[in-house]
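Note sheet for the following structure.
The values are calculated or read from the model by the stated rules, or taken from the named source; none is laboratory data. Bear in mind the structure is a predicted one, so any value in this text is a computation, not a measurement. Here the Cβ positions follow ideal geometry from the backbone for every residue, glycine too, while neighbour counts run over all protein chains shown.
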Amino acid sequence: MRIDDATLRRISNTVRTLAMDAVQKAKSGHPGMPMGCADIAAVLWTKILLHNPDDPAWRNRDRFVLSAGHGSMLLYSMLHLSGYDVSLDDLKNFRQWGSCTPGHPEYGHTPGVETTTGPLGQGIANAVGMAIAERLLAEEFNAGDSVIDHSIYVLAGDGCLMEGISYEAASLAGHLGLGRIVVIYDSNSISIEGSTDLAFSDDVARRFEACRWHVQTIDGHEYSAIETALLNAKAETGRPSIIIAKTRIAKGSPGKEGSEESHGAPLGDDEVKNTKRNIGCDADSVFCVSDDVYEIFRQRKKELAAEYAAWNEKFARSITGETKKKWDAYFAAPDIHALREKLPVFDAAKPVATRTASGRVLEALFRELPNMAGGSADLAPSNKSFAKGFGETGRNTVGRNIHFGVREHAMGAIQNGMAYYGGMLPYTATFFVFFDYMRPPVRIAALSKLHVIYIFTHDSIFVGEDGPTHQPVEHLAVARAIPNLAVIRPADAEETKEAWLAALARTDGPTALVLTRQDMPVLMREFKSADGLHRGAYVLWEAADPKVCIMASGSEAHLALDAAKDLSSRGVGARVVSFPSWELFDAQSAEYKAAVLPASMQKRVVVETGVRMGWERYAGCDALFITMDNFGASAPANVLAEKFGFTKENIVARVLEFVKR
């Protein structure tokens, strides 16, 4: 189908009017970016992008990531025109309760939306994760015909490139030679406060050239230049590409083109009408799409359907027998019951740090799950997150062991991109204190219900001599505050094994494994099975007729156990509850929760090397909290335990005093 400039202009202007009308009707939104990028979108979606509106999950589709998520009306307009299940009424309900067109794109909420975006720059990093996943799948399944051979397009703005995450991601993408990435940079030189000259004067071309990217600069309103640049970028498979498209925000608006006033607010009724007149549209029309524009997209959909059918034939020829079984396994949930039999058994006589136990479990999982991939932000030896004997990333190479470099923020968003892509089981690792550096993508993973796993080691003041800069006293509370993030802090090696299985089984959201640096006794073989971890909390041990309930997670569970035994010898019967995960416990029945924490057991104690915040919901406000209320200190771990009261003797003394009240 031949599409001339006049036709592309009609499409562009249709997108402009839809964006203006939707924002005007909602009385909020961002019309400027969709109007400025309408020409780019018209070319990309009618001439370049390979997708199938009838099968949004097609494995070999090109991905389109709107990193500048505030421009969501651009994406929603293109999805509607292309034939996705996004109606004109949906556009009219932009930003309204229950609509599939929220203010910023949300993965899993709107057909055709590939990523949840809004926090600027994360979409660029998501694309890097998608490209890593694509290369891993291509290496596994492209032995015959190339069944995985598509591109990943990103539309980003000035704000995306100001955020540090974009540089982190671009640096790694260039190092790995991820040639399937095409970033279109909407360079309109406008931010909310005004011209980008206020705070941004980077030479973006030279910055990306330094990161080993293929760089082009074009007029973002010149159709032939846009198409040529996109085709050049697609042909460049050895390096990621960026197209610096010089554009005008709110293109076509007589009063607000080029102005920051068009960024995040409706243009106003009069300006909308003036703009429509200026671009040759009916000033009084609202949400108007001409039949000829719809027909262009119907024809494009037929072309895409033929491409889709040809790919399915190729797939049926190439992916057969054992290869087909492996393909299906990549895209299926793991069987944790079968996996349990393949995991290591830990010797109860040999203390082991939960980070070390996690490393042994991870290596076993790598053998059983060929789609598991991940790595650390330059801390793999400490995190025990490198699976020996498997491929790894390097210059222009990608392996299942990924070296992210010291890039925690990008690492989290790259991991999200791998999960968005599908087929992979991604994990990442760093010290728990550096959770601060990757919290934004963790939040997005929880919002997007992504199946990702975090390994957070060095989980407490028992990091020791590195001091308070590396002692994550508030991080458990912060992590637990994120909805849909399951935080699991296992007490020993056996609980660590079950924590991994729980994380693999939990496919509708991220899971954080919070692990010790120091060796811990293997408790569960002597007392109860660690599979109680899957219920979040369980009775680890109790004396006859217990009067006090001691709750603890992680490394404090053994302290609670030792203290309970001592208390029982003094005539104060105690119950010890191992409490590795609030979120898993909250999902249990009321009957189970009452059995673990009976109302009759009013004397409750919490032992945890973190701030007390949140424990009140389980212990009550009148409980005894043996927790942290400061940042820690630099000293050997055993000294810190004594100074901050995390010893059996202190716990016993404080509980004895507590029960007398």
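No other residue among Gly71, Gly83 is over 25 Å from Glu303 (Cα atoms), out of contact with any Leu (no Cβ under 7 Å at 6 or more places or on another chain) and either among the β-branched types (Val, Ile, Thr) or modelled with pLDDT of 95 or more (or both) apart from Gly71. Set side by side, the residues His104, His109 differ, and just one is closer than 17 Å to Leu450 by Cβ, without any contact (Cβ under 8 Å) to a residue 24 or more places away in the chain and not in a strand (DSSP E or B), which is His109. Highlighted here would be strands (runs of 3 or more DSSP E) found entirely within segment 440-556 that include at least 2 residues which are among the charged types (D, E, K, R), but there are none. Within segment 639-661, can you find the residues that are of a type in the set (Gly, Ala, Ser), under 42 Å from the mean Cα position of the chain (by Cα) and on the phi < 0 side of the Ramachandran plot? Matches in segment 639-661: Ala641 only. One residue alone among Glu591, Glu556, Glu583, Glu542 is of a type in the set (D, E, K, R) and more than 25 Å from Ala493 (Cα to Cα), and that residue is Glu591. Among the residues making up segment 223-235, those that are touching a residue at least 40 places away in the same chain (Cβ under 8 Å) and crowded, with 16+ Cβ neighbours inside 10 Å are Tyr223, Ile226, Glu227, Leu230, Ala233, Lys234.
Between Phe287, Phe315, Phe297, the distinction of being outside the structural domain of Gly29 (by TED's automatic domain parsing) and either surrounded by fewer than 20 Cβ atoms within 10 Å (Cβ to Cβ) or at negative phi (or both) belongs to Phe315 only. If you filter segment 499-548 down to residues that are of a type in the set (Val, Ile, Thr) and in contact with a helix residue (DSSP H, G or I) (Cβ under 8 Å, 6 or more places away or on another chain), you find that the one that is surrounded by the fewest Cβ atoms within 10 Å (Cβ to Cβ) is Val539.
Identify all residues within segment 146-199 that are of a type in the set (Val, Ile, Thr) and either under 16 Å from Gln216 (Cα atoms) or not in a strand (DSSP E or B) (or both); write none if there are none. Of everything in segment 146-199, those that are of a type in the set (Val, Ile, Thr) and either under 16 Å from Gln216 (Cα atoms) or not in a strand (DSSP E or B) (or both) turn out to be Val147, Ile148, Val154, Ile165, Ile181, Val182, Val183, Ile184, Ile192, Thr196.
Determine whether segment 412-429 contains at least one residue that is in the same structural domain as Ala502 (by TED's automatic domain parsing), in a helix (DSSP H, G or I) and either modelled with pLDDT under 95 or among the hydroxyl-bearing types (Ser, Thr, Tyr) (or both). The answer is yes; a qualifying residue exists.
Checking every residue in segment 253-267 against the condition of being in contact (Cβ under 8 Å) with a residue 12 or more places away in the chain, part of a loop (DSSP other than H, G, I, E, B) and not assigned by TED's automatic domain parsing to the domain that holds His150 gives zero matches.
Criterion applied to Arg239, Arg248, Arg207 was being touching a residue at least 40 places away in the same chain (Cβ under 8 Å), under 28 Å from Arg277 (Cβ atoms) and either crowded, with 21+ Cβ neighbours inside 10 Å or in the same structural domain as Leu44 (by TED's automatic domain parsing) (or both), and the one residue passing it is Arg248.
Being outside the structural domain of Leu515 (by TED's automatic domain parsing) and at pLDDT below 95 holds for only one residue in Ala633, Ala619, Ala599, Ala594, and it is Ala599.
Scanning segment 557-578 for residues that are without any contact (Cβ under 8 Å) to a residue 40 or more places away in the chain, not hydrophobic (A, V, I, L, M, F, W, C) and not in a helix (DSSP H, G or I) yields Gly571, Gly573, Arg575. For segment 579-592, does any single residue satisfy the condition of being surrounded by fewer than 17 Cβ atoms within 10 Å (Cβ to Cβ), free of Cβ contacts under 8 Å to residues at least 40 places away in the same chain, part of a loop (DSSP other than H, G, I, E, B) and at negative phi? Yes, there is a match, as at least one residue in segment 579-592 is surrounded by fewer than 17 Cβ atoms within 10 Å (Cβ to Cβ), free of Cβ contacts under 8 Å to residues at least 40 places away in the same chain, part of a loop (DSSP other than H, G, I, E, B) and at negative phi. Among the residues of segment 210-261, those identified as within 17 Å of Asn188 (Cα to Cα), in contact with a strand residue (DSSP E or B) (Cβ under 8 Å, 6 or more places away or on another chain) and not aliphatic (A, V, I, L, M) are Gln216, Thr217, Asp219, Gly220, Lys246, Thr247, Gly258, Ser259, Glu260. What do you reckon, is Gly405 assigned to a loop (DSSP other than H, G, I, E, B) and closer than 25 Å to Arg239 by Cα? Taking the combined requirement at face value, the residue satisfies it.
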